[in-house]
Amino acid sequence: MARRNIEAAIQASQELELEGKLLPCKIPSQELELEGKLLPCKIPSSYSKLESYKVISSQQELDGVYSLQYSPDGSMLAVGTGNEAMRLYDTASGKHIEDLRQPRYGGFPVKSLRWHPYDHHILYGATCNGMIYALNVKSHTCTAVVSERKNEINCLDFSADGSTFATAGKDLAVRIYDTKTCKEIKCYEGYSNATPAEDTEVQGHGMRVFALKHSPDNSHILLSGGWDNHIKVWDIRTSDGVKRTIAGPHICGDALDLKGLRILTGSWVGENSLQLWDYTSGNLIKNIPFPSGHDGEYLYAAQFCENDTVVAGGSGTKSIKAINSTTCEVLGEIELNGKCVNTLDTTRGGQLVAVGGMINSVTIGVIS
């Protein structure tokens, strides 16, 4: 995803080159101590196991956890809940830092959280009632910056250079906003029977959109996926937007990732749910086996890690698994007490994994 290069540069205390522009690292590199366990800055050359490390429980009712994202330096974990709370936790200790937005009775699920790529104290959160909030860690404020009336925003993502962000959800449209002003720049409408495109390859989405991922190497390229069994590849410099379509994945959550020229998808289907695709050709590279038994796979979340490792989970096994995408070896599993997995996120190349779902807690795992 777009933040991966930025995160790696920050945590390695290196400069980052993006489209010919050199972006400095502002945060010094440091090891992360987890109650006696030291995670090095340098990512190990291989991974062999995933194990559960800690469960972060909440005394307050959360109505489930719907979104998670580690800060770019990996020091904080942002948590979006089913009752509209947006919380911060300390990565090392697991302690609750603060609620940047308080839980609300009858509140709407926070379906997506994204840290700003370069203003690392700014976090954006999107809710199912069409609102986007800018949360400022320094000033401890929460400001409504976007309102998409009659829409349910399921996903948002920043471009690699942070100049724009995109949203998508129930109304099928993909919208592009200027980050500085939070004003809409473009709105790519979804498919309409009234005005069908001559070429089906360049139509917008025909059903709800649940995942957006900007290219980590090109701020103008964006991927999206949803219920209509298509991945759309967008170029936001153009008026029509969609450049091509990859048919197949049935995306129902944050289960779309891009690394180099490989696309990872996690579909809400009983089998062959975890798949690798070639970005250039759009062809399926392989199905990654996701052992599930008689309950089926049914993935809601999937993400690339380093060392050819991917992590994914959903409502079938009610767990996440870390899998070597080359050998298809399962490195480990973290179960969620019989509850559905809604979301996951990783940091430090996948050494730390956070998992949330229909439960009043977040589980932290370690891949080593």
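The values are calculated or read from the model by the stated rules, or taken from the named source; none is laboratory data. Since the structure is predicted, the reported quantities are computational estimates derived from the model, not experimental observations. Cβ sites come from the backbone with ideal geometry, for glycine too, and all protein chains shown count toward neighbours. Just so you know, the surface numbers come from the protein's heavy atoms only, side chains and all, with ligands and any DNA or RNA stripped out. Shrake-Rupley method; radii C 1.70, N 1.55, O 1.52, S 1.80 Å.
Filtered by the rule that a residue be free of Cβ contacts under 8 Å to residues at least 40 places away in the same chain and within 21 Å of HIS250 (Cα to Cα), the range 290-325 gives PHE290, PRO291, SER292, GLY293, HIS294, ASP295, GLY296, GLU297, TYR298, THR317, LYS318, SER319. Given the condition outside any loop (DSSP other than H, G, I, E, B), among the small types (Gly, Ala, Ser) and either touching a residue at least 40 places away in the same chain (Cβ under 8 Å) or open to solvent by 30 Å² or more (accessible area, probe 1.4 Å) (or both), answer yes or no: does some residue in the range 76-93 qualify? Yes, there is a match, as at least one residue in the range 76-93 is outside any loop (DSSP other than H, G, I, E, B), among the small types (Gly, Ala, Ser) and either touching a residue at least 40 places away in the same chain (Cβ under 8 Å) or open to solvent by 30 Å² or more (accessible area, probe 1.4 Å) (or both). Of the residues that make up the range 36-50, is at least one out of contact with any Asp or Glu (no Cβ under 6 Å at 6 or more places or on another chain), buried (at least 16 other Cβ atoms within 10 Å of the Cβ) and at pLDDT 95 or above? Scanning the range 36-50, I find at least one residue that is out of contact with any Asp or Glu (no Cβ under 6 Å at 6 or more places or on another chain), buried (at least 16 other Cβ atoms within 10 Å of the Cβ) and at pLDDT 95 or above, so the answer is yes.
Kindly establish whether GLY226 is buried (at least 24 other Cβ atoms within 10 Å of the Cβ) and out of contact with any Asp or Glu (no Cβ under 9 Å at 6 or more places or on another chain). Walk me through how you get there before you give the answer.
Working: buried (at least 24 other Cβ atoms within 10 Å of the Cβ): yes; out of contact with any Asp or Glu (no Cβ under 9 Å at 6 or more places or on another chain): yes.
Yes.
Taking GLY241, is it modelled with pLDDT under 95 and among the small types (Gly, Ala, Ser)?
Values: modelled with pLDDT under 95: yes; among the small types (Gly, Ala, Ser): yes.
Spelling it out, GLY241 is indeed modelled with pLDDT under 95 and among the small types (Gly, Ala, Ser).
Tally up the residues in the range 326-352 that are more than 28 Å from ASP63 (Cβ to Cβ) and touching a residue at least 60 places away in the same chain (Cβ under 8 Å), please. Walk me through how you get there before you give the answer.
Taking the range 326-352 and keeping what is more than 28 Å from ASP63 (Cβ to Cβ), we get 326-332, 348-351.
Of the ones still in play, those that are also touching a residue at least 60 places away in the same chain (Cβ under 8 Å) are 331-332, 348-351.
The total comes to 6.
Going through (1) within 24 Å of THR346 (Cβ to Cβ); (2) hydroxyl-bearing (Ser, Thr, Tyr); (3) open to solvent by less than 40 Å² (accessible area, probe 1.4 Å) one by one, TYR300 falls short only on (3).
Give the range 61-75 a look and list any residue that's outside any strand (DSSP E or B) and not hydrophobic (A, V, I, L, M, F, W, C), or say none. Break it down stepwise before answering.
Residues of the range 61-75 that are outside any strand (DSSP E or B), as a first pass: 61-64, 71-75.
Within the range 61-75, GLU61, ASP63, GLY64, SER71, PRO72, ASP73, GLY74, SER75 meet the criteria.
Among all positions in the range 327-344, there is at least one residue which is crowded, with 24+ Cβ neighbours inside 10 Å and polar (S, T, N, Q). Taking the condition of being touching a strand residue (DSSP E or B) at 6+ places or on another chain (Cβ under 6 Å), open to solvent by 10 Å² or more (accessible area, probe 1.4 Å) and among the charged types (D, E, K, R), how many residues in the range 233-278 meet it? Summing the residues that are touching a strand residue (DSSP E or B) at 6+ places or on another chain (Cβ under 6 Å), open to solvent by 10 Å² or more (accessible area, probe 1.4 Å) and among the charged types (D, E, K, R) in the range 233-278 gives 7.
When the range 97-153 is filtered for residues that are among the aromatic types (Phe, Trp, Tyr) and assigned to a loop (DSSP other than H, G, I, E, B), the ones remaining, listed by number, are TYR105, PHE108, TYR118. Remark: pairs (first residue in the range 189-212, over 26 Å from LEU113 (Cβ atoms) and open to solvent by less than 80 Å² (accessible area, probe 1.4 Å); second residue at pLDDT below 80 and not acidic (Asp, Glu); Cβ separation under 8 Å; 6+ apart in sequence or on different chains) = GLN203/PRO196; GLN203/ALA197.
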